[in-house]
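What follows is calculated from the coordinates using simple rules that are stated; it is not laboratory data. Treat the numbers as computed from the prediction; the structure is a model and nothing was measured. A quick note on method: Cβ atoms are made from the backbone with ideal geometry, for glycine too, and the neighbour counts reach across all protein chains shown.
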Amino acid sequence: MGCCANPINIYKMIASLHDENNHITIPGFYDNVEELSTTERAVMAKAPFSLKNYEKSIAIGAVYGENGYSTNERNSIRPTLDVNGIWGGYIGEGAKTVIASKAFAKISMRLVPNQDWREITELFKNHFESIAPAAVKVVVKPHHGGQGYVTPTDNIAYQAASKAYETSFGKTPIPQRSGGSIPIVALFEQHLKSKTILMGFGLDSDAIHSPDEHFGIWNYLKGIETIPYFYKYFTELSKKNN
């Protein structure tokens, strides 16, 4: 002890992946990230949002993230890097003063449009291996990835969806970006050369992907009401633009 590197102690490499402003430090990581205009950010900010209620809903004392961006912006227009799991060494009952021979971590990055997941994977791999001290061996094993996607608000599908929501809910929807991952949407555009419109009817309180995930019957019925309007308005706008 004290004469060789403990792989678990070397986890400070992971801590170095963010700076004091919670900005990701991988060289080139932000090169292709789209910077939204002040106008676009202002439109997004019109959506009702209570920071206090948000913190309470996920049982946290305070929000945390990249400086210079709101909570909703961090959730949507900004890429992220997170440790999803970390383990190594002796974790049994009682104490054992041994130096671990190995340590492991699973790291994921949520990307935004224009960031290519293969390029980002390579940037991460090269950077992480480069900051490893000579006393340890670092192996990066990529798993999988997908491209980010944003539905443009100036196309017919979006305009038809907006009008459909307005008809069934009585309010004009506010366009929002989301941090969810649906990689096949980007593939649809790549191979079918077609834009995709994503229409949701769930609420933040539905606890999606959680053990108690649920979906309200009222929202379900509103979806049944809204979708036919979408097809109606999409057909009308298509004819008008041809």
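Hey, can you tell me all the residues within the stretch 127-144 that are touching a Pro at 6+ places or on another chain (Cβ under 8 Å) and either in a helix (DSSP H, G or I) or within 23 Å of ILE182 (Cβ to Cβ) (or both)?
HIS127
Would you mind finding the one in PRO175, PRO183 that is in contact (Cβ under 8 Å) with a residue 60 or more places away in the chain and either under 21 Å from the mean Cα position of the chain (by Cα) or under 20 Å from VAL112 (Cα atoms) (or both)?
Step by step, each of PRO175, PRO183 is checked, and only PRO175 is in contact (Cβ under 8 Å) with a residue 60 or more places away in the chain and either under 21 Å from the mean Cα position of the chain (by Cα) or under 20 Å from VAL112 (Cα atoms) (or both).
Quick check: anything in the stretch 98-108 closer than 29 Å to MET199 by Cβ and in contact with a strand residue (DSSP E or B) (Cβ under 6 Å, 6 or more places away or on another chain)?
The answer is yes, given that some residue of the stretch 98-108 is closer than 29 Å to MET199 by Cβ and in contact with a strand residue (DSSP E or B) (Cβ under 6 Å, 6 or more places away or on another chain).
Among the polar types (S, T, N, Q), over 17 Å from the mean Cα position of the chain (by Cα) and under 24 Å from TRP117 (Cα atoms): does that describe SER205?
Criteria not met by SER205.
Please go through the stretch 103-126 and give me each residue that is of a type outside the set (Val, Ile, Thr), surrounded by 12 or more Cβ atoms within 10 Å (Cβ to Cβ) and not in a strand (DSSP E or B), ordered by number.
Residues satisfying the conditions are LEU111, PRO113, ASN114, GLN115, ASP116, TRP117, GLU119, GLU122, LEU123, PHE124, LYS125, ASN126.
Condition (residue is in contact (Cβ under 8 Å) with a residue 12 or more places away in the chain and closer than 20 Å to ASN126 by Cα) applied to the stretch 145-167: is it met by at least one residue?
Yes; the residues of the stretch 145-167 include at least one that is in contact (Cβ under 8 Å) with a residue 12 or more places away in the chain and closer than 20 Å to ASN126 by Cα.
Report, by residue number, each residue of the stretch 183-230 that is surrounded by 14 or more Cβ atoms within 10 Å (Cβ to Cβ), of a type in the set (Val, Ile, Thr) and not in a helix (DSSP H, G or I).
THR196, ILE197
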